[in-house]
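The values are calculated or read from the model by the stated rules, or taken from the named source; none is laboratory data. Source: prediction; values computed, not measured. Cβ placement follows ideal geometry from the backbone for every residue including glycine, while neighbour counts extend to all protein chains displayed.
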Amino acid sequence: MSGNDFFALTPLLLLAGSSVLIMLLIAIKLSHRVIQLSSLFLFAVAFSSLFFIQKLLPYHIEPLLIMDGFSVFIMGLIIFSSLVVNILSYIYFEEKEDSPKEYYVLLFLCTLGACVLAVSKHFISLFLGLEILTVGLYALIAYLRERHHNIEAGIKYLVLAAFSSAFLLFGMALIYLQTGSMEFSMIARSLTSLQSLSPLFLTGLGMMLVGVGFKLAVVPFHMWTADVYQGAPAPVTAFIATASKGGVFAVLFRFFIMIDGFRFKVVMLILIGIAIASMIIGNLLAVQQKNVKRILAYSSIAHLGYLLVAFMPGSMMSIKAVSFYLIAYFMTTLTAFGIVTILSNKETDAEDIESYKALFWQHPVLACIFSSSLLSLAGIPLTVGFVGKFYILAAGLQAGLWVTALILVISSVIGLYYYLRIITIMFAGQKSILSEEKKANPFFYRVSIIALSVLTLLIIWLGVYPSVVISFMEYFRLK
Amino acid sequence: MILVYLIGILMGGGLLALMLGQWNKNLSRWIALCALSTGFIALLFFWIDQYRTINIHLSNPWMIDYRHDWIPLFGISFHLGIDGLSLLLLVLTFFLGILAVLCSWNDVKERVGFYYFNLLWILAGISGVFMAMDLFLFYFFWEMMLIPMYFLIGIWGSENRVYAAYKFFIFTQASGLLMLLAIIGLYFIHGRNTGIYTFNYFELLGTAISPGIAFWLMLGFMIAFVVKLPIVPFHTWLPDAHSEAPTAGSLILAGLLLKTGAYGILRFVLPLFPQAARELAPWAMLFGVIGIIYGAILAYSQTDLKRLVAYTSVSHMGFVILGIFAFNELALQGVVMQLVTHAISTGALFIMAGMLKERLHTRDINHMGGLWTEMPQMGAIAMLFAMASLGLPGLGNFIAEFLILVGAFKANVLLTIIATIGLIFSAIYSLRIVQKVFLGPSERQDPVHDFSFREIMVMAALTLSIVWLGLYPQPVINTVKPMINKLEYIFPIENKNTQKENHQATPLNAHQYRVKKQE
């Protein structure tokens, strides 16, 4: 390994090192506050290191990893969302656990896993990243072990994730058997001459899709989502919804672009089916829910469906559309779960939809933040979600995917109903049932609100003036 | 730049009202009023200024144009421009905006700052819709007015407000998204034809589209506009939204929001897809006539005063669609007149319904009756606007409906005759309002007070304008004439035999009008 290799790997090394460092800090019995602040600092360092490696790009670390504009961008999103989750975690865990310090170690490891996914171009690194991510998540989901929902969610995720990993591995093995390589570009080379896929490769690809589909929670592999979202601590849910899915989606996207999987009809049909089913079923199931975390869970299924619509054309436009939509989705989801986190109390998370009643008249700032994130999820103009949806529709229609675009439109109208329902409840009534309790840590409480306000401003700013980010994405190439 | 300021003053005023409303409720009322008045006066001056030169440059209807790059990578620009039609509707927007502020002055007591914020942002969205010359920007404004309207209905409405707000939002949002699909489709077709990817309205005009696709794209636009307008199968949101909204909300819904639909058809559907529009014309006219009759019949059978007025809107908007798809100058002039006069007359009826609700705490006309003795002023004004609504000569609506019918007669005799029957129905339901509410025996014990000074001012403004439009509509006709001539130019086939009339259309209008008045 050359010096340049190390330099290019700085963000990953920093994340890995941070987890060890935090572990050492815990060993010398520092307080929760110190641990939290230092991990915040380390996340910030890891995030800023991304800017330093810009000039190296694109950089290949053969045969496993690739650092290019897209992967650094995804890493940036992942580390940024971990940073936000980290900020939110303090007030959440401080009042629920005696010393929730190991939480931060796990958070670093999960972030590392997601980042490895984002930069991998080889099955080995893919699997490695996925396992680092998932194993960390088992513990994170079940972190509040006093609550029985948490344990249930943890076990559920453990079983299904292990199950899906097995599928993924078997699929990889079959593809290796067919092509003789595990590196994306080599697989692509062995496919170039083929007009249609061999049954063996197709089976392998199908099994990989099952595995990845579980992680992404697209229909029909979505059964775990609502329970895990509901059971996991709110900040962890935010992490699952953003960083973990973002990393997996990025690697899937890279794989498909590199092997040019879009030219095979069967694969396309499967993808279209998954996308349509996710959009419709995700939105329909959310309509029935009375639990905000579950609503957001089902809405995230639908959003992954939207992302797949942008994914399928496999064009230059789809790279940009996917990247932009991921920004929009990350920011809005983080904001929404941030509000859930802030409003949660010692015993329960603020997940019952009734507990948001009259929030606007009691905490106008929080209600405005939540409303704008929900409106952004619904894709209403003035928010980044609208530009994202516009981008997706543009990418889809450019490739002539009229049917999927139409279904996207129809299902997002269904989606509108439940987002509006939450908003309506926040504006209804006079008295909030959330007690005006004293927050244990007014300082961190305020910091969390400021962080969410900044995110909200970003949501609106990018909704009005997206060209800054769009021009930045001009140079993303995946091949 | 004046166009940007117009939107800016509304949005800025809204934010200011929201922030200062925390401390002083009266302050946000005054801020809203000042913002709207400033805009209104500026627009009036602009109109007077333009009016002198308006008929000199008949070939170019555009008065003012402002363009600034917004998202250049997509060919999206912040492009505002107005012609006579936009100007007229903008003046209407600010006029009704002022009245909306005035009529909710004492009505709204809670969360005043947020109320005026929503009100001003709706108006900003509507103004934007009337000005946007970039299809992306147009969609942006089109959607932007929905959220504040949703809040206005959902927070300050009456009992069944949440349901009405949902219904309104989902209907308009769903149809709007279909329009977005059509816009993006048009964008790519134009881009592939010419290599220039842009949402600029002027460049998209005259895009060569194969007829099959053009028809579908046109339907995408059409669905958004006819839901807003509304025409009959898509009207079900309207009675709910109108009757549950607060008074100012109903006023804006009936007076302005419905107009955005008609404006969209005139501005986008006809010029962008002339051929497809021509194919659709017989069906559109048929649905217009169905709307006229159906709306009138349902209006007659309502007992809720606001719902009654809401259904009369359905009926009146049927005339609009009938006139638009007749594709000739007379009918189109009538359509524009109808947009303005309907806004005023129906707005006035909604305001009075709101006043009655405030006094009697009911909207059920079976619980009213005999109010004339106690409220002679309101009775007289209500009589006037009921007459306007049924199309009495001398009031604006008559000119509008007369022109539409004359124009439509050239296009389709049978449908026009059926539509004329609608006028008889409108006489029946209008007189029923007066008879049920103001005449007959009074059952009430406790006294109700007549107009206050503020209410007199509101009604006086409306009365003056409807009478003015009835007696001297020429300013309106002249203002939109260049735009309508341009529009007519796109549909030469229908007008081949009427070419000669076009050149003397204005004197003809005036002449017909004079003849009719003498009757």
Exercise. In region B:253-273, is there at least one residue being farther than 26 Å from residue B:62 by Cα and either at pLDDT below 90 or surrounded by 24 or more Cβ atoms within 10 Å (Cβ to Cβ) (or both)?
Worked result: yes
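Conditions (1) in contact (Cβ under 8 Å) with a residue 60 or more places away in the chain; (2) within 30 Å of residue B:244 (Cβ to Cβ); (3) under 20 Å from the mean Cα position of the chain (by Cα), marked per residue:
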position	(1), (2), (3)
B:150	no, yes, yes
B:180	no, yes, no
B:184	no, no, no
B:198	yes, no, no
B:213	no, no, no
Exercise. Within region A:369-383, is even one residue more than 21 Å from residue A:455 (Cα to Cα) and within 13 Å of chain B (Cβ to nearest Cβ)?
Worked result: no
For this session: Give the residues of region B:412-445 that are in contact with a helix residue (DSSP H, G or I) (Cβ under 9 Å, 6 or more places away or on another chain) and of a type in the set (Val, Ile, Thr), sorted by residue number.
Result: B:416, B:417, B:418, B:420, B:421, B:424, B:428, B:433, B:434, B:437
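Per-residue answers, yes or no, for (1) farther than 24 Å from residue A:131 by Cα; (2) modelled with pLDDT of 90 or more; (3) of a type in the set (S, T, N, Q):
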| site | (1), (2), (3) |
| --- | --- |
| A:145 | no, no, no |
| A:151 | no, no, no |
| A:159 | no, yes, no |
| A:162 | no, yes, no |
| A:165 | no, yes, yes |
| A:173 | no, yes, no |
| A:180 | no, no, no |
| A:192 | yes, no, yes |
| A:195 | yes, no, yes |
For this session: Give the residue, chosen from B:439, B:403, B:392, B:431, that is in a loop (DSSP other than H, G, I, E, B) and either closer than 26 Å to residue B:473 by Cα or under 23 Å from the mean Cα position of the chain (by Cα) (or both).
Result: B:392
For this session: Answer yes or no: is there a residue in region A:172-180 that is in contact (Cβ under 8 Å) with a residue 40 or more places away in the chain, surrounded by 17 or more Cβ atoms within 10 Å (Cβ to Cβ) and under 24 Å from the mean Cα position of the chain (by Cα).
Result: yes
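Yes/no matrix, rows are residues, columns are (1) over 15 Å from residue B:239 (Cα atoms); (2) more than 10 Å from chain A (Cβ to nearest Cβ); (3) surrounded by 20 or more Cβ atoms within 10 Å (Cβ to Cβ); (4) β-branched (Val, Ile, Thr):
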| site | (1), (2), (3), (4) |
| --- | --- |
| B:153 | no, yes, yes, yes |
| B:161 | no, no, yes, no |
| B:167 | no, yes, no, no |
| B:183 | yes, no, yes, yes |
| B:187 | yes, no, yes, no |
| B:190 | yes, yes, yes, no |
| B:194 | yes, yes, no, yes |
| B:201 | yes, yes, no, no |
Problem set entry | Residues located in region A:392-413, provided they are facing chain B (nearest Cβ under 9 Å) and under 25 Å from residue A:338 (Cβ atoms) | A:412
For this session: Give just the number: which of (1) modelled with pLDDT of 90 or more; (2) surrounded by fewer than 24 Cβ atoms within 10 Å (Cβ to Cβ); (3) more than 28 Å from residue B:25 (Cα to Cα); (4) of a type outside the set (S, T, N, Q) does residue B:148 not satisfy?
Result: (3)
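One line per residue, one yes/no per condition, for (1) among the β-branched types (Val, Ile, Thr); (2) surrounded by 18 or more Cβ atoms within 10 Å (Cβ to Cβ); (3) farther than 19 Å from residue A:140 by Cα:
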{"residue": "A:3", "(1), (2), (3)": "no, no, yes"}
{"residue": "A:14", "(1), (2), (3)": "no, yes, yes"}
{"residue": "A:20", "(1), (2), (3)": "yes, no, no"}
{"residue": "A:29", "(1), (2), (3)": "no, no, yes"}
{"residue": "A:90", "(1), (2), (3)": "no, yes, no"}
Problem set entry | Hits in region B:389-442 - residues which are surrounded by fewer than 18 Cβ atoms within 10 Å (Cβ to Cβ) and among the polar types (S, T, N, Q) | B:420, B:435, B:442
Exercise. When you go through (1) farther than 16 Å from residue A:215 by Cα; (2) crowded, with 17+ Cβ neighbours inside 10 Å one by one for residue A:154, which number turns out not to apply?
Worked result: (1)
For this session: Quick one: residue B:240 ticks every box in (1) surrounded by fewer than 21 Cβ atoms within 10 Å (Cβ to Cβ); (2) away from chain A (no Cβ under 14 Å); (3) at pLDDT 90 or above; (4) farther than 25 Å from residue B:90 by Cβ except a single one, so which number is it?
Result: (1)
Exercise. So which of A:326, A:401, A:406 ends up being hydrophobic (A, V, I, L, M, F, W, C), at pLDDT below 90 and farther than 16 Å from residue A:423 by Cβ?
Worked result: A:401
For this session: Could you tell me which numbered condition residue B:449 fails, if it satisfies all but one of (1) farther than 15 Å from residue B:368 by Cβ; (2) not in a loop (DSSP other than H, G, I, E, B)?
Result: (2)
For this session: Could you check, for region B:52-61, whether at least one of its residues is surrounded by fewer than 16 Cβ atoms within 10 Å (Cβ to Cβ), farther than 19 Å from residue B:473 by Cα and within 14 Å of chain A (Cβ to nearest Cβ)?
Result: no
Exercise. Can you find a residue in region A:181-194 that is surrounded by fewer than 17 Cβ atoms within 10 Å (Cβ to Cβ), within 19 Å of residue A:271 (Cβ to Cβ) and out of contact with any His (no Cβ under 7 Å at 6 or more places or on another chain)?
Worked result: yes
Problem set entry | Enumeration of residues in region B:65-108 that are part of a strand (DSSP E or B), of a type in the set (Gly, Ala, Ser) and within 14 Å of chain A (Cβ to nearest Cβ) | B:77
